[in-house]
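The values are calculated or read from the model by the stated rules, or taken from the named source; none is laboratory data. Remember, predicted model here, so these are calculated numbers, not experimental data. All Cβ positions, even for glycine, are placed from backbone atoms using ideal geometry, and neighbour counts span all protein chains on display. Accessible surface areas use protein heavy atoms only, side chains included; no ligands, DNA or RNA. Shrake-Rupley method; radii C 1.70, N 1.55, O 1.52, S 1.80 Å.
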Amino acid sequence: MAERPVLAGGISLGAHLAVEWALANPGRCAGLLLALPAWNGSPGDAPAAVSARLSAQAVREHGLDATLATVDAEPWLTAELSRAWRRAEPGLADSLDVAATRPAPELTDLTRITVPTGIAGCSDDLVHPIEVAKRWASTISNAQLCTTTLRALGNDRESLGRAAVLAWLKAVGVTRMEQPI
């Protein structure tokens with residue numbers, strides 16, 4: 001039985017990994033839903049990489065609870081970090097180090113993506129600069145970008161996923177959706 005093509009997707013590092021998977025499995029990938037790509041190629045001093053390195057260091061030096069207590073973010077984001085980071089313990093610091101050093105796809109890699117691709121970015125996210133999402137959208141031949149904000153995400157947790165899906169729908173040529181009766 002032939003394997004069916006799938007939509008692959010991810011957020012931040014997950015977006016990088018989804019592109020890697022699509023490149024390694026071109027016949028299996030029907031499209032990509034990518035949110036908040038963080039950098040291209042080597043992470044260097046990309047804000048998300050710096051944030052991950054500093055967070056890993058703080059967790060090692062001060063512990064998870066003390067590190068979370070110093071997070072200067074909207075309450076919803078602090079709660080999300082607390083939930084996710086607690087689930088990642090005891091390997092959180094090591095995982096953050098891996099994320100901070102793992103290369104993202106190069107722009108030349110992105111040119112090899114031909115499937116419909118929806119990219120979502122937050123115009124007010126300093127850790128995942130919107131310029132990266134724009135660069136990905138302009139480099140992938142069949143990509144569209146929809147933006148939202150971290151503020152909107154705090155009020156509506158589905159807004160980031162909805163932006164990615166709307167961008168993907170644009171990439172496949174859906175320009176108008178009928179309202180259900």
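Treating each Cα of the stretch 4-73 as an identical point scatterer and summing with the Debye formula, the log10 of I(q)/I(0) at q = 0.18 Å⁻¹ comes to -0.76. Full extension of the chain segment joining TRP21 with GLU80 gains 18.6 nm, where the gain is 0.36 nm per residue of separation less the Cα-Cα distance.
Once you sort the root eigenvalues of the Cα gyration tensor of the stretch 62-104 as a ≥ b ≥ c, which label holds: rounded (a/c under 1.5), prolate (a/b larger than b/c) or oblate (the other case)? It is prolate, given that a/c is not under 1.5 and a/b is the larger ratio.
Surface composition of the stretch 1-61: carbon plus sulfur atoms contribute 58% of the solvent-accessible area (1.4 Å probe, protein chains only, all chains present). With protein chains left intact and a 1.4 Å probe, residues in the chain average 56 Å² of accessible area per residue. When every alpha-carbon pair in the stretch 65-145 is counted, what percent end up more than 17 Å apart? Of all Cα-Cα distances in the stretch 65-145, 62 percent exceed 17 Å. I want to make sure I understand the PRE zone here: with the label point 7 angstrom from the Cα of ASP156 toward its beta carbon, which residues in the stretch 46-76 have backbone N atoms less than 18 Å away? Answer for this model: 76. The angle separating the long axis of helix 13-24 from the principal Cα axis of greatest extent in the chain is about 40 degrees.
Taking each residue as 0.36 nm, the span from ASP45 to ARG28 lengthens on full extension beyond its C-alpha to C-alpha distance by 2.8 nm.
Considering only PRO116, LEU64, SER95, the residue lying farthest towards the positive end of the dipole of the stretch 28-141 is PRO116, judged by Cα position with unit charges set on Cβ. The calculated FRET efficiency for VAL172 paired with SER123, based on their beta-carbon distance and R0 = 25 Å, is about 0.55.
Normalised Debye scattering of the chain at q = 0.15, 0.16 Å⁻¹ gives log10 I(q)/I(0) of -0.89, -1.00, counting only Cα atoms as equal scatterers and leaving out solvent.
A Cβ-based charge dipole, computed about the Cα centre of the stretch 70-181 with Lys and Arg at +1 and Asp and Glu at -1, lands at about 380 debye. When both bridge partners sit in the chain, DSSP labels roughly 0% of those beta bridges antiparallel. Over the chain, dividing the summed -39,500 (n - 2.57) contributions of all DSSP H runs of at least 4 residues by the number of residues returns a 222 nm mean residue ellipticity of -15000 deg cm²/dmol.
Computed on the stretch 1-45, the Cα convex hull volume stands at 61 Å³ per residue.
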